[in-house]
Amino acid sequence: MPDRRDFPDRLPHAATSSYAHDRHGLERTDEDWLERTWADPATRVLVIAGNRLLAADGRPRWLATADLPDAAAGPDALRLLLGEQPGDASYFAAIIDPAGAPGPEEQWQGLRDVLGEVVDTPEAGLVLHAMGMAEWHWSTSFCPRCGGPLSPAQAGHVLACASEGGCGRHQFPRTDPAVIMLITDGEPGAADERCLLGRNRVWPPGRYSTLAGFVEPGETFEDAVRREVWEESGVRVSDVTYFGNQPWPLPASVMIGFTGRAASLEIDVDGAEIEDAQWYTRDDIRTGLASGELMLPGGVSISHRLIQAWYGEPLDSSW
C-alpha cells in the first residue's frame, strides 16, 4: 500500500474517511480497460468470500492477479472494480462463493476484525468500499420488483434483473444514512458544560457513547437528530450543527455526525434500545476514564471524534 505521508489532503474528522480513492466510475463499463487493468502485474486484488475477506496477521491480503486462488481467478468470481489511489496501482475485489473459499477458515475475517489495523491508512477506503459492496451482493439475490434473478454489471456496481420477461430494472447499492450526535448543555467551554451520553442495553455497565439512529423517509438530518434524542433520552434539542461524516458499511450505513444544544435537561430513556443516559462534565469524563468506571468509543468511530472535539484534548480509546 502507498505510504500515508503521500496523502496530505485528509478529512479532519473520521479516520475511515481520511483517504479517498479514484473509483473510476467512467471505466466500469469499458470492458477492454477492465481486462487490461486486471491483467496488469501491478494490480492488486482483495479476495472476499461472501462477507469475509482473506487476511493474514489481522490485515487484508492484497494479491497480484497471478497469485489468486483458483476460485478467485475463475469465471465464477465477481470482479469488483475499486479504483486506485493517486499515483498508485489499481485495486479490485474478487467476490467468491463462501462454499468454495480455499484454505483454513481462520484466514477469512469480517470487516470488524481488520478495521482497527487499517483504519487510519490509505487502505481503509478501499477495504470499506470492497466490503460494503460485498455485503450488498451477499444480501441481494433477487429483484425486489418481480423476484427474478439478478446479474452483475458495471464492474459489480449494478445488479440488473435478468429474468425472462421480467421487469429489467437495475438495482444499485444501498447506503442507509444514520445520524450520530453529541448534545451539550451549558455555556460552551465552561467548567460546568455537560454532554449527553447513553448506554445501549446490551452493553456492559460503564460503556457509554453518543446517541445515534437512522434517518426516516421524508426527514432531514437535523430533524432526525432531534427525534432520535427525544425518543431515546427524553431530551429536547434546539440548534443542530453539522460536524462530519464517516462511511460505516457494517453492514451498509454512513454515519452523519452533528452537535446539538439541549432545550431540556430531564432524562427519560426509552428502555428499549437505551438503558441509561447521563450528563457528563469534562471533569466527570476525566475522572471516569482514570478510574476505569467509564468506557468511551475508540478512535475508529466518529463518536470518538465528536466527544474528543468537545472535550478539548486527546482521549484514550476505551473500546
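The values are calculated or read from the model by the stated rules, or taken from the named source; none is laboratory data. Because the structure is predicted, anything quoted here is derived from the model rather than measured. Methodologically, a virtual Cβ is constructed for each residue, glycine included, from the backbone with ideal geometry; neighbour enumeration extends over all protein chains shown.
Before we move on, is D192 over 23 Å from the mean Cα position of the chain (by Cα), charged (D, E, K, R), surrounded by fewer than 16 Cβ atoms within 10 Å (Cβ to Cβ) and part of a loop (DSSP other than H, G, I, E, B)?
When the stated conditions are applied, D192 passes them.
Out of the residues in segment 264-299 meeting the condition of being β-branched (V, I, T) and surrounded by fewer than 17 Cβ atoms within 10 Å (Cβ to Cβ), tell me which one is nearest to G206 (Cα to Cα).
T287
Could you list, in sequence order, all residues of segment 89-107 that are within 16 Å of L63 (Cβ to Cβ) and in a loop (DSSP other than H, G, I, E, B)?
A89, A101, P102, G103
The conditions are (1) over 13 Å from the mean Cα position of the chain (by Cα); (2) surrounded by 16 or more Cβ atoms within 10 Å (Cβ to Cβ); (3) touching a residue at least 24 places away in the same chain (Cβ under 8 Å), and L159 fails exactly one of them. Which is it?
Failed condition: (3).
Which one is surrounded by the most Cβ atoms within 10 Å (Cβ to Cβ), of the residues in segment 162-188 that are in contact (Cβ under 8 Å) with a residue 40 or more places away in the chain and not in a strand (DSSP E or B)? Quick ask: steps written out before the conclusion?
Here is the first cut: in segment 162-188, the ones in contact (Cβ under 8 Å) with a residue 40 or more places away in the chain are 173-185.
Adding the requirement that they be not in a strand (DSSP E or B) leaves 173-175.
Working: P173: 17, R174: 12, T175: 14.
The selected residue is P173.
Restricting the first residue to segment 20-40 and requiring it to be free of Cβ contacts under 8 Å to residues at least 12 places away in the same chain, which pairs with a second residue that is in a helix (DSSP H, G or I) and surrounded by 18 or more Cβ atoms within 10 Å (Cβ to Cβ) meet a Cβ separation below 7 Å and a spacing of at least six or different chains?
Note: pairs meeting the criteria are W33/E27.
Go through segment 131-144 and give me each residue that's surrounded by 13 or more Cβ atoms within 10 Å (Cβ to Cβ) and in a loop (DSSP other than H, G, I, E, B).
Of everything in segment 131-144, those that are surrounded by 13 or more Cβ atoms within 10 Å (Cβ to Cβ) and in a loop (DSSP other than H, G, I, E, B) turn out to be T140, C143.
Among the listed residues G147, G110, G103, identify the single one that is not aromatic (F, W, Y) and not assigned by TED's automatic domain parsing to the domain that holds A93. Please lay out each step first, then the result.
Numbers: G110 fails: not assigned by TED's automatic domain parsing to the domain that holds A93; G103 fails: not assigned by TED's automatic domain parsing to the domain that holds A93.
Every option except G147 fails the conditions.
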